[in-house]
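> Could you have a look at this structure, given as structure tokens, before my questions?
The values are calculated or read from the model by the stated rules, or taken from the named source; none is laboratory data. Since we're looking at a predicted model, the values are computed, not measured. Here the Cβ positions follow ideal geometry from the backbone for every residue, glycine too, while neighbour counts run over all protein chains shown. Surface accessibility is based on the protein's heavy atoms, side chains included, excluding ligands, DNA and RNA. Shrake-Rupley method; radii C 1.70, N 1.55, O 1.52, S 1.80 Å.
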Amino acid sequence: MHTLKPQVYILLFLILQSCKEAPKLENKPTKNSEKTEIPENIENIVPDTISKHTLTDIPEPTKSLPAKPAKANSKSWSELTSNEGFILDLKYASTDNFTKKQIYDCARCYMRPEAAEQLRLIRDELKEKYGYGIRIFDCYRPGPYQQRLWDIVPDPNYVTPPNKGSMHSRGLAIDLTLTDKSGRDLDMGTPFDFFGKEAHHGYAAHTDAVKRHRWILRSTMEKYGFGSIRTEWWHYSFKNKSYALDQWVWPCE
Ligand SMILES: [Zn+2]
């Protein structure tokens, strides 16, 4: 891993100081609870705080990974693909994410088999009952990629430290939204990775349509064993099985 220059730390410090009232991104406790404690003054924050800052002076992510990409062990991992009707839009495999850097070398969605199996049932139910589809923003996040994120934003208020890990690095969390049958996003009130109170499940001022869309996603996910967190309408993690943090990185060829 490369070392950041002192000026970069100073820049990050200044950016993060000015963002310090924003809610936590991935600072989630392990095991049973993913609840994140948010300060009371959270209701006063400016919604798109982070996107207002430029991160252009931050170094490019490290190119070499400590874990060598290897073929998936099908007993450990199940891949969700567009051939199965999922829309894959993995934000960290592009620069269209809050760091403005590409974190993943390529876009693939792996989950633990028990979670993937339930997601296929969820896909079927959403389609049959509502005519809706699923757009996926993030799935399993390998340890080395979590390290890349941390190298860019080394602040636990925004990124889970690699040694602590998130449910994504256990292969049990997924970030997703609903689409209509043409693949157009339904209105969920905010975009993915929006750091503000409007992204909270409990935000009361959204339209009835937004509330209904969120309720459909949440109630269906919960029916199949996924739990939500209070501050991110797009994030769900599978509760019926636990796994350790994993370092495996998928191949890109
Ligand atoms: Zn997530």
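> Mind checking the log10 I(q)/I(0) for the stretch 142-215 at q = 0.26 Å⁻¹? Debye, one equal scatterer per Cα, no solvent, two decimals.
-1.12
> Another question about this same structure. Can you run the Rg to Rh ratio on the stretch 168-253? Use alpha carbon positions and the Kirkwood inverse-distance Rh.
1.02
> Give me the Å³ per residue figure for the convex hull around the C-alpha atoms of the stretch 99-185.
Normalising the Cα hull of the stretch 99-185 by residue number yields 111 Å³.
> Semi-axes of the stretch 73-253's equivalent ellipsoid from the Cα gyration tensor, sqrt of 5 times each eigenvalue, largest first, rounded to whole Å?
So the equivalent ellipsoid measures 24, 20, 15 Å along its semi-axes.
> OK, next. What percent does the relative contact order of the stretch 73-253 come to when contacts are Cα pairs within less than 8 Å and at least six residues apart?
22
> Separation between the residue 100 and residue 124 pseudo-spin-labels, each 7 Å from Cα along Cα→Cβ, expressed in nm?
So the two model labels end up 4.5 nm from each other.
> Which shape class, rounded, prolate or oblate, goes with the stretch 162-205 when its Cα gyration tensor gives a ≥ b ≥ c as root eigenvalues, a/c under 1.5 marks rounded, and past that a/b bigger than b/c marks prolate?
oblate
> Take the alpha-carbon centre of the stretch 85-159, take the same for the stretch 191-253, and report the distance between them in whole Å.
The distance from the Cα centre of the stretch 85-159 to that of the stretch 191-253 comes to 11 Å.
> On the accessible surface of the stretch 136-253, probed at 1.4 Å, how many percent belong to carbon and sulfur atoms?
Reported share for carbon and sulfur atoms: 51 percent.
> While we're looking at this one, here's another question. Using a probe radius of 1.4 Å on heavy atoms only, what accessible surface per residue do you get for the stretch 73-253? Whole Å² is fine. Could the numbers behind the result be given before it?
Working: 7210 Å² over 181 residues.
Per-residue accessible area for the stretch 73-253 comes out at 40 Å².
> Evaluate E = 1/(1 + (r/R0)^6) for residue 182 and residue 117, where r is the Cβ-Cβ distance and R0 equals 35 Å; express this FRET efficiency to the nearest 0.05.
Here the calculated transfer efficiency is 0.85.
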